[in-house]
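Working notes, structure below.
The values are calculated or read from the model by the stated rules, or taken from the named source; none is laboratory data. Everything numeric in this text was worked out from a predicted model, so none of it was measured. FYI the Cβ positions are ideal-geometry reconstructions off the backbone, even for glycines, and counts take in every protein chain you see.
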Amino acid sequence: MQTFLVVAALATAVAPPPTQGNPNATPIGSVTACRSVADSAARLACYDSAAAALDQAVTSKDLVVLSPGDVKETRRSLFGFSLPRLPFLGDRDQEESEITAKLKSARSLGYGKWRLVLEDGAVWETTESNRDQVIPRVGTSVKIKRGVLGSYMINIDGTRGVKAVRIS
């Protein structure tokens, strides 16, 4: 059984708990409120109405449904950014401590420092000189590890790591 994470717009996340007949009820709250309807015909009508509202919310992007794969991909794309705790991305314990990617481009910033663009579009800059004097090449494998106190280390093609910061 595959589980999905549902992310509601921030305004609906702070709304009061939904109750049947509440015009401010969230689409998910409306569906769950139908469980308490005793009469079968009324419960079915409630579910039909709530399902239509849920479908409309998803279609209009007021409600977003994320699969676990979507969450993992989003977490990976945000690797290197300092973000507040976002409930729809799960526990911080599940965050990746390192990523591996291919180099799309590299540009020297002088003094042995580099601006690196990864295949996913992430832009990183080394903050210290490359002691091994390795010139990064397109297609080279890059490993980025989370360090202490919010720092990151980049290893270019298996060389010794240098400190880096994510730019965009």
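Computed quantities for the displayed model
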read-out: Pair list, Cβ under 9 Å, 6 or more apart: the stretch 47-67 residue more than 22 Å from Ser36 (Cβ to Cβ), other residue charged (D, E, K, R) and not in a helix (DSSP H, G or I); value: Gln56/Asp62
read-out: When residues of the stretch 93-108 are limited to those that are charged (D, E, K, R) and in a strand (DSSP E or B), the one farthest from the chain's Cα centre (by Cα); value: Arg107
read-out: Filter result for the condition that a residue is charged (D, E, K, R) and within 24 Å of the chain's Cα centre (by Cα), over Arg43, Arg75, Arg35; value: Arg75
read-out: Total residues in the stretch 59-80, condition modelled with pLDDT of 75 or more, within 23 Å of Asp120 (Cα to Cα) and part of a loop (DSSP other than H, G, I, E, B); value: 3
read-out: Neighbours by Cβ (under 8 Å, 6+ apart or cross-chain): first from the stretch 133-151, in contact (Cβ under 8 Å) with a residue 24 or more places away in the chain; second among the hydroxyl-bearing types (Ser, Thr, Tyr) and in a strand (DSSP E or B); value: Val138/Ser105; Ser141/Thr100; Val142/Thr100; Lys143/Thr100; Ile144/Thr100; Ile144/Tyr152; Lys145/Tyr152; Arg146/Tyr152
read-out: Subset of the stretch 109-168 that is within 19 Å of Ser77 (Cα to Cα), surrounded by 16 or more Cβ atoms within 10 Å (Cβ to Cβ) and among the small types (Gly, Ala, Ser) - its residue that is farthest from the chain's Cα centre (by Cα); value: Ala164
